[in-house]
1. Filter the range 13-35 for residues that are surrounded by 14 or more Cβ atoms within 10 Å (Cβ to Cβ) and modelled with pLDDT of 85 or more and give the result.
2. Conditions first: (1) in contact with a His (Cβ under 9 Å, 6 or more places away or on another chain); (2) farther than 22 Å from I198 by Cα. P183 passes all but one, so which condition is the exception?
3. Checking the conditions here, which among K111, K102, K144, K139 is closer than 30 Å to N8 by Cα, out of contact with any strand residue (DSSP E or B) (no Cβ under 7 Å at 6 or more places or on another chain), free of Cβ contacts under 8 Å to residues at least 60 places away in the same chain and among the basic types (K, R)?
4. Being under 22 Å from N46 (Cα atoms), open to solvent by 80 Å² or more (accessible area, probe 1.4 Å) and not charged (D, E, K, R) is the filter here; which residues of the range 66-94 pass it?
5. Quick one: which of Y105, Y120, Y163 is within 30 Å of I7 (Cβ to Cβ) and among the hydroxyl-bearing types (S, T, Y)?
6. Kindly state which helices (runs of 4 or more DSSP H) lie completely within the range 60-178 and contain at least 1 residues that are acidic (D, E), out of contact with any helix residue (DSSP H, G or I) (no Cβ under 9 Å at 6 or more places or on another chain) and at negative phi.
7. Condition first: in contact with a strand residue (DSSP E or B) (Cβ under 8 Å, 6 or more places away or on another chain), more than 19 Å from N72 (Cβ to Cβ) and in contact (Cβ under 8 Å) with a residue 24 or more places away in the chain. Now tell me which residues in the range 10-31 satisfy that.
8. Looking at the range 101-118, which of its residues are modelled with pLDDT under 80 and of a type outside the set (A, V, I, L, M, F, W, C)?
Amino acid sequence: DDKINIINAERISGDILYDVTINQFTKNFDNFNNLIVDEAKIENKNWILKNVSFSVKNSSVKTDKNIIFKTNFDANQINKLFSDLSSLNFIELNNLKTDYEKLGYSVTNIKIHFHKLISYPISLTIMTVFGSIIMLNIKRNKSKIFHIILGTLCSVIIYYINYFSGLLGENEKMPEFLSIWLPLIIISLFCMIGLVRINEK
């Protein structure tokens with residue numbers, strides 16, 4: 001209803017928020033109402049506020065046992081805000097992105113995870129090709145210890161390339177798209193060089 005609500009709560013348990021403070025503002029961010037609530041049932045978007053104390057335009061303070069408070073969020077949406085991104089599919093990520101934008105949260109992590117999901121099958125393919133190229137370029141008389149060290153070294157290098165690239169994306173030092181795809185492009189270049197060497201043999 002053309003209001004901006006800033007809501008804080010001490011904790012959440014199931015579909016109940018405890019020790020809630022609600023500050024209401026106009027579109028011009030003029031504060032016109034403040035509510036202090038013992039608990040709020042947030043099962044749906046019409047929250048039930050219990051034991052409410054509120055002041056209208058910073059003047060009189062009133063109390064009411066139960067009032068209905070209209071919001072854009074319910075318990076399910078709020079719990080998803082703090083869920084593990086790796087457990088969400090494309091549709092759930094898109095819905096979560098919409099909720100983050102409503103709250104003014106940064107959606108960078110969601111965009112990065114979205115690109116991770118898209119790039120995952122391509123990443124597996126490139127890693128398989130990369131591993132095959134390494135094995136085909138190594139002489140068979142090399143010791144097992146050499147293979148173990150080389151495999152571990154390659155794994156660590158690839159991990160840290162992905163990790164630091166992801167950090168640059170999360171810190172917005174690099175576009176989200178590039179932070180995920182750049183390591184794959186680099187590894188793909190090594191694969192192409194390796195394929196050329198195998199072909200020359």
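The values are calculated or read from the model by the stated rules, or taken from the named source; none is laboratory data. No experiment lies behind these values; they were computed from the predicted model shown. Note that each Cβ is placed from the backbone with ideal geometry, even for glycine, and that neighbours are counted across all protein chains shown. Keep in mind that these areas ignore ligands, DNA and RNA; they rest on the heavy atoms of the full protein, side chains included. Shrake-Rupley method; radii C 1.70, N 1.55, O 1.52, S 1.80 Å.
1. The answer is D15, I16, L17, V20, I22, N23, Q24, F25, N34, L35.
2. Status for P183: all satisfied but (1).
3. Among K111, K102, K144, K139, only K102 is closer than 30 Å to N8 by Cα, out of contact with any strand residue (DSSP E or B) (no Cβ under 7 Å at 6 or more places or on another chain), free of Cβ contacts under 8 Å to residues at least 60 places away in the same chain and among the basic types (K, R).
4. Selection gives N66, I68, N72, N76, F82.
5. When all the criteria are applied, what remains is Y105.
6. 90-103
7. Applying the first criterion (in contact with a strand residue (DSSP E or B) (Cβ under 8 Å, 6 or more places away or on another chain)) to the range 10-31 yields 10-12, 15-27, 29, 31.
Subset that is more than 19 Å from N72 (Cβ to Cβ): 10-11, 18-19, 31.
N31 - this is the single residue of the range 10-31 that is in contact with a strand residue (DSSP E or B) (Cβ under 8 Å, 6 or more places away or on another chain), more than 19 Å from N72 (Cβ to Cβ) and in contact (Cβ under 8 Å) with a residue 24 or more places away in the chain.
8. Correct list: K102, G104, Y105, S106.
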